[in-house]
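Visitor: What follows is a structure written as structure tokens; I'll ask about it next.
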Amino acid sequence: MFESLADKLQDVFKKLSGKGALTEADVAEALREVRLGLLEADVNFKVVKDFIGRIRERAVGVDILEGLHPAQQVIKIVDEELTALLGGEQAPLSFSAKSPTVIMLCGLQGAGKTTHAGKLAQMLRKQGRNPLLVAADIYRPAAIKQLQVVGEQVRTPVFTLDGADPTKIAQAGVAEAIRAGNDIVILDTAGRLQIDETLMAELQRIKVAVKPQEILLVVDAMTGQEAVAVAQGFHEALDVTGLILTKLDGDTRGGAALSIKSVVGRPIKFVGVGEKMDALEVFHPDRMASRILGMGDVLTLIERAEGALDQKKAAEFEKKLRANKFDFEDYLEQMQQVRKMGPLDQILKLIPGLGGAGALKGLEIDESHLARIEGMIRSMTMQERREPGMINGSRRRRIAMGSGSQIQDVNRLLTQFEQMKKMMRGLSGMSGGGMPSLPGMPGAAGKHSGSNKTPSKKNKRKPSPGFKFPFGRH
Amino acid sequence: MLKRGLFKSIFQKVDQMFTGRGKIDEELLEELEEALIGADLNIHTTMRALDELRAMVADKRLKDATDVTDHLKRFLWDTLMAGGASPVLSVAPSAPTVYLIVGVNGVGKTTSVAKLAYKLQREGKRVVLAAADTFRAAAVEQLALWGERVGVEVVKGRDGADPAAVVFDAIQAAKARKADYLLIDTAGRLHNKSHLMEELKKINRVVMRELGGRSADETLLVLDATTGQNAVNQAREFKSAVSITGLILAKLDGTARGGIVITIKDELNVPIKLIGTGEKPGDMEYFDAQTFIDALFE
């Protein structure tokens, strides 16, 4: 539905090419697209107005006229300003001098407070901390039970007090942490509207009673224009210290991040990227800027790849590639490496031009298909894996039987493997760097390039024939 | 209720804007545009409305500010009413009538299911609930507690159980109890996760099989009124996976206006059927077009 802003800007500047210098009117035209892009991403309209004003000041004149590629320069300025607004550097949690550090979570109903209390506990435990979860949502049915289940999942004790009011529960929770030697208290509170005076006053009482070191506002990344009012309401009442942006694993552009940030001025500390307890990431302003602008999230992809891929094995693999000695053993190995990076549909979404815009629709990532391929390879003898050329008709039949697949499947796998080898031979000259294992993935070039085209509307619903995951899809 | 909810507030804002000036200028149209975008109307719908207004101002069909508001109201009204007024909730020819409630995480599905059950029960209907969110921690307990609170039976699955199996059990139970309605609560799922949408299709298949080829009488997508443009993606994906028949717009008790539903009606032709206005059992209303239009033109 929305093409990426980068694409639109390219179009705008294509019209301008040949004119030489960029006039104020040209910049205005580009900024009109930026404005629409930001509004489509749910950035609050007032925030957009200020933002565009600032860009105009910077873009008209010297800055923009100097460069050879004006399109890139405007994108760069927009990206820089956006990144700056989203928060220059990462902000870690702060811990109080005296234990326990109290972290209070607050937000609207359904933002994801309870889930993120669990995720925070898990993350802090991994860092060697000893957190205590405190359940103070006495309103929503089974909210306390939910935190108890979550606590069990992350092996963290959960404290609550039957029949007590939230302030009492918070106080008793802190006392319990002191008694039991927990150095962190994570306080889960009930969802509430920022205009609910009674419930906002309750949060203020909790704040006075337990003096949290961190008050984190939990916000759904899909929030629309309302984000500003929500942030204002909570910030005025509580002076929040930071934000958690949740449900970023959806396809929202997440402009709410910018709205909230510009109102609260406090750092976005974490982002939630899934329903599992380890789906919590540190916030990267530059990546969020690219996402809001619709330019994909190459950095996250690269980082994930680096985290999952064994560098030594990657180097070995690359050597084999260059020598063209790539066999089914390596294939299996690579397959497992990539799967370690996370679900494939998530990984593909991070690629500019593929994410968000629905380009992946139809291209269903069938993980069970990979399992089938693995089954076929595992049904080969070691010798067959090393020398696929020896796999004749009867061997194919045996492999098919052994893996519970059809002989046609085996044929297809062998053909694709040969094709892939050919393709890799062509690409091996450009591999190296972070991701030698993902040839065939388009557009993983620099994030500011803005040249990553979304597949045309025509084949949006079908897997584009030019795009093949290295392991082949049947 | 609708007076302070939904779209009324757009017009309060626009009315304020027009007070004290009768002339139409570009500044006024821009403010109008901001008012619509501020209510989370989709940018394309907004631009379409504005283009129409500008064209009519240009050829003098709209002469003063009052004309402009009137026309804007008509534009939104036409958009919402295209294809006739929102139909009421469908009822099956033979009981039980089955409603499937779907949506992304945290929009208020479980609460909406409970409130709808309460509403139907107060209309004298026998209602059974299926707690088919076996994924989220304590979601089953949450619905079970609601069931106790509003006094309806809840068919539960164990945590981690196959939701389609829970639905199967619930349909048998609803038939055995001669229930008029079965409301199925499902786990929250982001619309871009294909495996979770497949799970939903499977639930749908079970419903169809057990109802003798009939699909759920209503498949209602719950939307959070604070959600912005992404609501359109949600509606589109859920529609293509399980062909939703209507929307429940939840959390309209805040200051959010949920204007995105206009675009969803416009682009996907999915009508709003119910609105959620609070956390109490009685806080749900049918989306009544007449009441709504009255409030709009008051």
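The values are calculated or read from the model by the stated rules, or taken from the named source; none is laboratory data. The shown structure was predicted, so the numbers you read here are calculated from the model rather than taken from an experiment. Every residue, glycine as well, gets a Cβ built from its backbone with ideal geometry; the counts of neighbours run over all protein chains shown. Calculation scope for accessible area: heavy atoms of the full protein, side chains included, ligands and nucleic acids excluded. Shrake-Rupley method; radii C 1.70, N 1.55, O 1.52, S 1.80 Å.
Yes/no per residue for (1) within 14 Å of another protein chain (Cβ to nearest Cβ); (2) of a type in the set (Gly, Ala, Ser):
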residue	(1), (2)
B:47	yes, no
B:52	no, no
B:57	no, no
B:87	no, no
B:102	no, no
B:112	yes, yes
B:115	yes, no
B:126	no, no
B:141	yes, no
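Visitor: For the stretch A:93-108, which positions are assigned to a loop (DSSP other than H, G, I, E, B) and in contact (Cβ under 8 Å) with a residue 60 or more places away in the chain?
Guide: A:93, A:94, A:95, A:96, A:99, A:100, A:108
Visitor: If you check A:375, A:389, A:404, which single one turns out to be open to solvent by less than 40 Å² (accessible area, probe 1.4 Å), farther than 30 Å from residue A:222 by Cβ, out of contact with any Cys (no Cβ under 8 Å at 6 or more places or on another chain) and at pLDDT 70 or above?
Guide: When all the criteria are applied, what remains is A:375.
Visitor: Which ones in the stretch B:132-188 are touching a residue at least 40 places away in the same chain (Cβ under 8 Å) and on the phi > 0 side of the Ramachandran plot?
Guide: B:178
Visitor: Give me the pairs: first residue in the stretch A:109-128 and within 11 Å of another protein chain (Cβ to nearest Cβ) and under 9 Å from residue A:150 (Cβ atoms), second residue of a type in the set (A, V, I, L, M) and open to solvent by 10 Å² or more (accessible area, probe 1.4 Å), beta-carbon distance under 6 Å, and six or more apart or on different chains, which are they?
Guide: Short answer, once both residue conditions are applied: A:118/A:277.
Visitor: Continuing with this model, one more query. So residue A:290 passes all but one of these: (1) within 14 Å of chain B (Cβ to nearest Cβ); (2) surrounded by 23 or more Cβ atoms within 10 Å (Cβ to Cβ); (3) farther than 14 Å from residue A:91 by Cβ; (4) not aromatic (Phe, Trp, Tyr). Which condition number does it fail?
Guide: (1) is the only condition that residue A:290 fails.
Visitor: Could you list, in sequence order, the residues of the stretch A:139-152 that are of a type outside the set (Phe, Trp, Tyr) and either assigned to a loop (DSSP other than H, G, I, E, B) or facing chain B (nearest Cβ under 7 Å) (or both)? So that I can check it myself, show each step before the final result.
Guide: Quick first cut of the stretch A:139-152, residues of a type outside the set (Phe, Trp, Tyr) only: A:140-152.
Across the stretch A:139-152, the qualifying residues are A:140, A:141, A:142, A:145, A:146, A:149, A:150.
Visitor: Out of (1) modelled with pLDDT of 95 or more; (2) crowded, with 19+ Cβ neighbours inside 10 Å, the odd one out for residue A:262 is which?
Guide: Tallying (1) modelled with pLDDT of 95 or more; (2) crowded, with 19+ Cβ neighbours inside 10 Å, residue A:262 fails exactly one: (1).
Visitor: Another question, if that's okay. Before we move on, is residue B:209 within 14 Å of chain A (Cβ to nearest Cβ) and either open to solvent by 10 Å² or more (accessible area, probe 1.4 Å) or not in a helix (DSSP H, G or I) (or both)?
Guide: Judged against the criteria, residue B:209 is not a match.
Visitor: Hey, among B:98, B:107, which residue is modelled with pLDDT of 90 or more, more than 25 Å from residue B:227 (Cα to Cα) and of a type in the set (A, V, I, L, M)? Even if it seems obvious, please write down each step before you answer.
Guide: On the way: B:107 fails: more than 25 Å from residue B:227 (Cα to Cα).
Within the list B:98, B:107, the selection yields B:98.
Visitor: Would you check which residues across the stretch B:271-281 are among the basic types (Lys, Arg) and touching a strand residue (DSSP E or B) at 6+ places or on another chain (Cβ under 6 Å) and list them? Please lay out each step first, then the result.
Guide: Step one: of the stretch B:271-281, the residues among the basic types (Lys, Arg) are B:273, B:280.
Selection gives B:273 alone.
Visitor: Could you list, in sequence order, the residues of the stretch B:261-270 that are in contact (Cβ under 8 Å) with a residue 60 or more places away in the chain, of a type in the set (Val, Ile, Thr) and either in contact with a strand residue (DSSP E or B) (Cβ under 7 Å, 6 or more places away or on another chain) or within 14 Å of residue B:77 (Cβ to Cβ) (or both)?
Guide: B:262, the sole residue that qualifies.
Visitor: Here's something else I'd like to know. Tell me, which strands (runs of 3 or more DSSP E) wholly within the stretch A:177-267 include 2 or more residues that are within 11 Å of chain B (Cβ to nearest Cβ)?
Guide: Numbers: elements: A:184-189, A:214-220, A:242-246.
Those strands (runs of 3 or more DSSP E) span A:214-220.
Visitor: Suppose we keep only residues that are surrounded by 19 or more Cβ atoms within 10 Å (Cβ to Cβ) and among the aromatic types (Phe, Trp, Tyr) within the stretch B:230-289. Which one would you say is nearest to residue B:207 (Cα to Cα)?
Guide: My answer is B:238.
Visitor: Among the listed residues A:61, A:18, identify the single one that is modelled with pLDDT under 75, open to solvent by 40 Å² or more (accessible area, probe 1.4 Å) and of a type outside the set (D, E, K, R).
Guide: A:18
Visitor: What pairs can you find where one residue is in the stretch A:314-335 and at negative phi, the other is at pLDDT 80 or above and open to solvent by 60 Å² or more (accessible area, probe 1.4 Å), and their Cβ atoms are less than 8 Å apart, with a gap of 6+ or different chains?
Guide: A:327/A:386; A:327/A:387; A:328/A:386; A:329/A:382; A:329/A:386; A:332/A:378
Visitor: Right, next: Condition (residue is closer than 30 Å to residue B:236 by Cβ and surrounded by fewer than 24 Cβ atoms within 10 Å (Cβ to Cβ)) applied to the stretch A:215-233: is it met by at least one residue?
Guide: yes
Visitor: Taking residue B:75 and the conditions (1) within 14 Å of chain A (Cβ to nearest Cβ); (2) open to solvent by less than 60 Å² (accessible area, probe 1.4 Å); (3) in a helix (DSSP H, G or I), which numbered condition does it fall short on, given that it satisfies the others?
Guide: Every listed condition holds for residue B:75 apart from (1).
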